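Have a look at the structure below before the remarks.
The values are calculated or read from the model by the stated rules, or taken from the named source; none is laboratory data. Quick caveat, the model's predicted, so the values are computed rather than measured. Cβ placement follows ideal geometry from the backbone for every residue including glycine, while neighbour counts extend to all protein chains displayed. The accessibility values were calculated without ligands, DNA or RNA, using every heavy atom of the protein model including side chains. Shrake-Rupley method; radii C 1.70, N 1.55, O 1.52, S 1.80 Å.
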Amino acid sequence: MSTPDPRIVLVTGTSSGFGRLTVEALARRGHQVFAGLRDVAGRNAQASAELTALASAERLDLHVVEIDVTDEASVERAVGTVLQTAGRIDVVVNNAGMNFAGPLEAYTAQEAHRQFDVNTLGALRVNNAVIPSMREQGHGALIQIGSLSSWLTPPFNGLYAASKAAQRSLTEAWQHELAPYGIESVVVDAAAYPTNIGPNASLPQDQARMGLYGERLTSFIGDLTRRTTENAENIGSADQVSDAVVALVETPQGKRPVQTVVAPAVQYEALRELNPQALKAARIVADDMGIGAYLAD
Ligand SMILES: NC(=O)c1ccc[n+]([C@@H]2O[C@H](COP(=O)([O-])OP(=O)(O)OC[C@H]3O[C@@H](n4cnc5c(N)ncnc54)[C@H](OP(=O)(O)O)[C@@H]3O)[C@@H](O)[C@H]2O)c1
């Protein structure tokens, strides 16, 4: 790959997984990168020290910034710090996320709120904080890390899938609303990759209701685990996702596709046409409603 124009990028949720790989890859490509971590003095002290040490060892333009996407004041502070340090933000990557895994009826509305608060409203808070400066500078990109489960909605992962479907819906609304200001909004729909999100999944507090699903839930988890292990070689490593994000960061302004699917071949082939088809249908409907001119190209 040739040397890209350096971009100023803020990524949320970079203690592990896709976020960690993304900030390291972007910084090694010469971009100025702000690695978002929540609770830098506590749970993420080690991640923060590792990123700072890496920046120093490899002389990377990589900086840790504290950001908890569920806390509006924290988000505002982080974006303010980046703007003060770097002068602008070209791209934000809404990567922070968590997973509630279990039957829907076992979750309270309060637990459901937490799932949406991180995965969906987290991106809303971050984007609300960066959009004014992007509008002023006349360019910018909002990249959301989405999931194939937002299209599939498997059982026993409904809250997570719904939070990601809502995030995709917001992505398209941002695209339509912000295109006139030169701001793009896109989603990376990733398949299942072995990161911390699976092992760290939050189970429902109501274990008794979860228990009612008995053997069906047990065999679901067994089948999924078995197949994931069998598929491990096909799935490849999680840096397929960070590579896709790097490619989007480096794509010229105005040319980023609204959806990028990152998945093993069979899943990729099955799913890559979904969003273009949905957008085509949306355009026909919007035209018929008399509002087609308000959709982004
Ligand atoms: N792995 C997959 O199979 C897969 C597939 C499709 C999409 N995704 C999406 O990819 C993104 C990254 O997940 P991952 O798979 O890389 O898992 P991961 O390793 O668990 O990373 C999740 C990151 O989000 C951070 N985070 C959680 N709550 C936060 C909050 N309130 N504020 C700021 N950061 C917060 C975590 O920080 P802490 O360490 O402090 O918890 C962690 O750095 C998520 O949006 C996920 O939904 C994952």
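Observations
- Oblate is the label for the range 100-155, because a/c, from the alpha-carbon gyration tensor with a ≥ b ≥ c as root eigenvalues, is 1.5 or above and a/b does not exceed b/c.
- Per-residue SASA entry for K255, accessible area with 1.4 Å probe, Å² rounded to 10: 150 Å²
- With every protein chain in place, the chain: carbon and sulfur % of accessible area (1.4 Å): 53 percent
- Here the simple spin-label model places points 7 Å from the Cα toward Cβ, and for A53 and E233 these points are separated by 3.5 nm.
- Applying a DSSP loop filter and a limit of 11 other Cβ atoms within 10 Å to the GluC sites (Glu not before Pro) in the range 1-92 leaves nothing.
- For the range 8-294, the C-alpha radius of gyration sits at 1.01 times the compact-globule guess of 2.2 N^0.38 Å, with N the residue count.
- For the range 8-294, a crude dipole built from +1 on the beta carbon of Lys and Arg and -1 on the beta carbon of Asp and Glu, taken about the Cα centre, is about 140 debye to the nearest 20.
- Relative contact order (percent, whole number), the range 8-294, Cα cutoff 8 Å, 6+ residue spacing: 19 percent
- Note on the range 74-137: with charges restricted to the Cβ of Lys and Arg (+1) and Asp and Glu (-1), its dipole about the Cα centre is near 200 debye.
- Membrane-span-like helices in the chain, defined purely by DSSP H runs whose alpha carbon atoms cover 18 Å or more axially and whose average Kyte-Doolittle hydropathy reaches -1.0, are 45-58, 72-86, 121-137, 158-178, 214-235, 274-289.
- For the pair R216 and T81 in one chain, pulling the backbone fully straight at 0.36 nm per residue adds 43.7 nm over the alpha carbon distance.
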